[in-house]
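Reviewing the structure listed below.
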Amino acid sequence: MQVSTGVRCIVQGVPGFVPRVLRDPDVGLFRAEDRVFEAMLDGWKAQMLARGLTVQTIEGRCRVVQKFQEYAGTFPWTWRPVDLDDYMAERRSGEKPISLTTLRSDSNAIAMFCAYTASPTYGWGELCEQTFGDVPAQIAFDWNTPRHTTDDAVPPGRRAFKKKELQQLFDHMDDLVDREYAAGSKRWLPALRDSIAFKVCYAYGLRRREVTMLDVHDFGPNPYVPEYGEFGAVTIRWAKGTAGSGPRRRTVLTVPEFEWVVDLLKFWIHEGGRDQFPTADRSPALWPSERADRIRLGSLGDSFAAARAAVGLPKELGLHCLRHSYITHLIEAGYDPAFVQTQAGHAYASVTSVYTSVGDDFKQKTIQKLIARRIARPEETNPDD
């Protein structure tokens, strides 16, 4: 009996356990259903905080659960799989159907909340049984939630840029800078900044947030390639985290295929590019703006969309496709896929493969090389055959 009591006390100290005020049999619950649901959300928040998830991730997941509860009109101890089926089906078939990525994310949030409330560790089942005569249960299963497969991880229209498309895009940006400067317009400096930012994004395979948050001191030498000087590598401080854990860090090396970025960075940082912004002295940000220390996250995306439209490229080719292009072009250049995976900061090789869309010419050359090798070294015929 003493052992059982001791375990009970330890469990009650777990983040997310039923609050004492709800367990007290002498305290009546006014608006019991609402209060218990609110306490469940608070407990789930505590559990996720204990796991080290970011506040932004936690708040987003709680909003998903609250919206589902409002749609169902019931509470977790009465939820059934059909409630989730109806909710997701309506969101996928409405006037503005949600994407498969959003569907998967929201399903996962609801599944995690149900796993929390149904776990005997936190005591919600016992409380709900005593108070409402029912218990929370898992309602999200493999058969009613979308599976995560490499086939649907990237929208169909999103792909790597062809090299001639990139040249067309970058030439347009360079011409825009020349025209604005010749006309005496102040817009030439932001255009120059954006043009160099796009090229840096491509040369290191960066995400939009990663390139936006770069600082001048994030670059450093690679002792094995001294000719690149202080631009042999870049430390990414705002890399994408996993499972809401917040940003991670990684180091991306400058590779020979993109060594042209070294001269570009030298010009921008040391030869009068960045320093012409009046805000450059206030912050170490690599990309200052006219009025703020750092360019806005959406500003580069808007500028990129304008350039893409100006040269007539498909709207599906967004700024993130420069990252696809980096990965694809490294694979086409013969780099080891494991090295490319490390450069991109992918935890799994399957994710890197999703970003790779090698061109038809690369595929044809690969087939021709295999055929040539086969002809040069024909298989020996077994005399017993």
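Structure summary
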read-out: Residue 196 being surrounded by 19 or more Cβ atoms within 10 Å (Cβ to Cβ) and in a helix (DSSP H, G or I); value: yes
read-out: Pairs, first free of Cβ contacts under 8 Å to residues at least 60 places away in the same chain in region 173-199, second of a type in the set (S, T, N, Q) and open to solvent by less than 50 Å² (accessible area, probe 1.4 Å), C-beta under 7 Å, six or more apart; value: 174/195; 177/195
read-out: Output for region 201-223, where each listed residue is touching a Phe, Trp or Tyr at 6+ places or on another chain (Cβ under 9 Å), free of Cβ contacts under 8 Å to residues at least 60 places away in the same chain and farther than 16 Å from residue 264 by Cα; value: 210, 222
read-out: Residues (surrounded by 15 or more Cβ atoms within 10 Å (Cβ to Cβ) and either of a type in the set (D, E, K, R) or closer than 12 Å to residue 255 by Cβ (or both)) located in region 312-326; value: 323, 326
read-out: Conditions (1) free of Cβ contacts under 8 Å to residues at least 60 places away in the same chain; (2) open to solvent by less than 10 Å² (accessible area, probe 1.4 Å); (3) touching a helix residue (DSSP H, G or I) at 6+ places or on another chain (Cβ under 7 Å); number of the one not met by residue 170; value: (2)
read-out: Every residue from region 199-234 that is part of a loop (DSSP other than H, G, I, E, B) and either more than 26 Å from residue 318 (Cα to Cα) or not small (Gly, Ala, Ser) (or both); value: 206, 207, 213, 214, 221, 222, 223, 224, 225, 232
read-out: Identity of the residue in region 233-252, open to solvent by 60 Å² or more (accessible area, probe 1.4 Å) and at pLDDT 75 or above, that ends up nearest to residue 327 (Cα to Cα); value: 251
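The values are calculated or read from the model by the stated rules, or taken from the named source; none is laboratory data. Keep in mind that this is a model prediction, so the values were computed, not measured. When we count neighbours, we look across all protein chains shown, and the Cβ atoms used for this are built from the backbone with ideal geometry, even at glycine. What goes into the accessible areas is simple: the full protein's heavy atoms, side chains included, and nothing from ligands, DNA or RNA. Shrake-Rupley method; radii C 1.70, N 1.55, O 1.52, S 1.80 Å.
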